[in-house]
1. Sticking with the crude label model, points 7 Å out along Cα→Cβ, report the distance from residue C:7 to residue B:10 in nm, one decimal please.
2. Report the local net charge at residue D:86: Lys and Arg +1, Asp and Glu -1, summed over other residues whose C-beta lies under 14 Å from its C-beta.
3. Using a simple spin-label model with points 7 Å from Cα along the Cα→Cβ vector, what separation in nm is obtained for residue C:51 and residue A:78?
4. For chain C, what relative contact order do you get, as a whole percent, if you take Cα pairs closer than 8 Å and at least 6 residues apart?
5. Would you mind giving the average projected area, over all directions, of the Cα convex hull of chain D in nm² with one decimal?
6. Suppose you put the label 7 Å out from Cα in the Cβ direction; list, shortest first and in nm with one decimal, how far residue B:37 is from each other copy's label.
7. So what is the calculated 222 nm ellipticity per residue for chain A, using -39500 (n - 2.57) for each DSSP H run with n of 4 or more, over all residues, to the nearest 500 deg cm²/dmol?
8. Which of the residue pairs B:13/C:93; A:13/C:47; B:93/D:8; A:93/C:47; A:13/D:47; A:8/B:13 have a Cα-Cα distance greater than 25 Å in the structure shown?
4 protein chains.
Amino acid sequence: MHGYTISKEDYLKRLRRIEGQIRGLQRLIDEDAYCIDVVTQVAAATKALQSVSIGLLDEHVRHCVREAAIGDDPARADEMIAEATRAIERLVKS
Amino acid sequence: MHGYTISKEDYLKRLRRIEGQIRGLQRLIDEDAYCIDVVTQVAAATKALQSVSIGLLDEHVRHCVREAAIGDDPARADEMIAEATRAIERLVKS
Amino acid sequence: MHGYTISKEDYLKRLRRIEGQIRGLQRLIDEDAYCIDVVTQVAAATKALQSVSIGLLDEHVRHCVREAAIGDDPARADEMIAEATRAIERLVKS
Amino acid sequence: MHGYTISKEDYLKRLRRIEGQIRGLQRLIDEDAYCIDVVTQVAAATKALQSVSIGLLDEHVRHCVREAAIGDDPARADEMIAEATRAIERLVKS
């Protein structure tokens, strides 16, 4: 069981909405919409995706890291924090 | 006709690939994948989306702004540049 | 003469303010401030810096690219747009 | 004592270097450097600042959150994680 399991349905709903946004983008391009309007919609989808990441990271620290910290494997907690940091890095630079 | 019309097929192909990535994300969450692995895949999709935006903005300046600059409506060129700047702003902050 | 020459003093003022923010950050760390407070101030400085970039890019397109587009060296305009796109890319990914 | 205390000197050194980069930016603008060259240097300073943030967040989770998780105040750990998440959010959106 992972951090996000509790809100799994919420994440799936958000991702289905993002999938719809990506299909909407294809429609915009297909109908030769104005470039800037397409870019605006791409930014909206990007924002929604990043918000999913931030939520997942929050739950990772809140549940996985915390459980590992309390548990008897401090090396596992260290590793999990290092993974979270690298994920934040990729997120900030994506 | 817009800046991206020439490479329309390429943009559609990239967006279909991103749509596949979003569906892959739903599968990962559905199968209770490790949080960090999900975040890594979200970052990959975000990167691909931002790269679409940058391409569209490039073609906007390259074609639309340029055409307006050469044309006899300098106010339209001004407006297009302002729109591009606001789009860059949303992109950087998304 | 470059795009930003007209608002040069404004840019210098903003950069001096950012320099002050960076010195404030050193003070915070020196006084062992709470990590999250430091991160919040770093984010404020980052935001101010990115806003400088966006302003400079806007003026680059508004003046340099435009002048080149109207001028008799279309290859120079092409090059300037490519440079602007690469700069936006570095900005979005920074 | 905070998470970053151990590497305090390293953070101060990095911030002094960034302060130098900001002064270099003022020099570039003062000497009317090419817009794109200024933007490139701004992106370098932004990157250095974000790397400071990521380091601080890593140590926040590694030390502060962890200590709170092990300690007898679970509400304090919850609060610290919420603070870290909001900081990541500001960072990603800055």
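1. Simple spin-label model gives 3.2 nm for this pair.
2. Residues near residue D:86 contribute -3 overall.
3. About 4.2 nm, to one decimal.
4. 33
5. 6.8
6. Result for residue B:37, in nm, nearest copy first: 4.1, 4.2, 4.9.
7. Computed ellipticity for chain A at 222 nm equals -26500 deg cm²/dmol.
8. The answer is A:13/C:47; B:93/D:8; A:13/D:47; A:8/B:13.
The values are calculated or read from the model by the stated rules, or taken from the named source; none is laboratory data. Just so we're clear, the structure is a prediction, and the values are computed from it rather than from any experiment. Cβ sites come from the backbone with ideal geometry, for glycine too, and all protein chains shown count toward neighbours. Remember, those area values only see protein heavy atoms, side chains included, never the ligands or the DNA or RNA. Shrake-Rupley method; radii C 1.70, N 1.55, O 1.52, S 1.80 Å.
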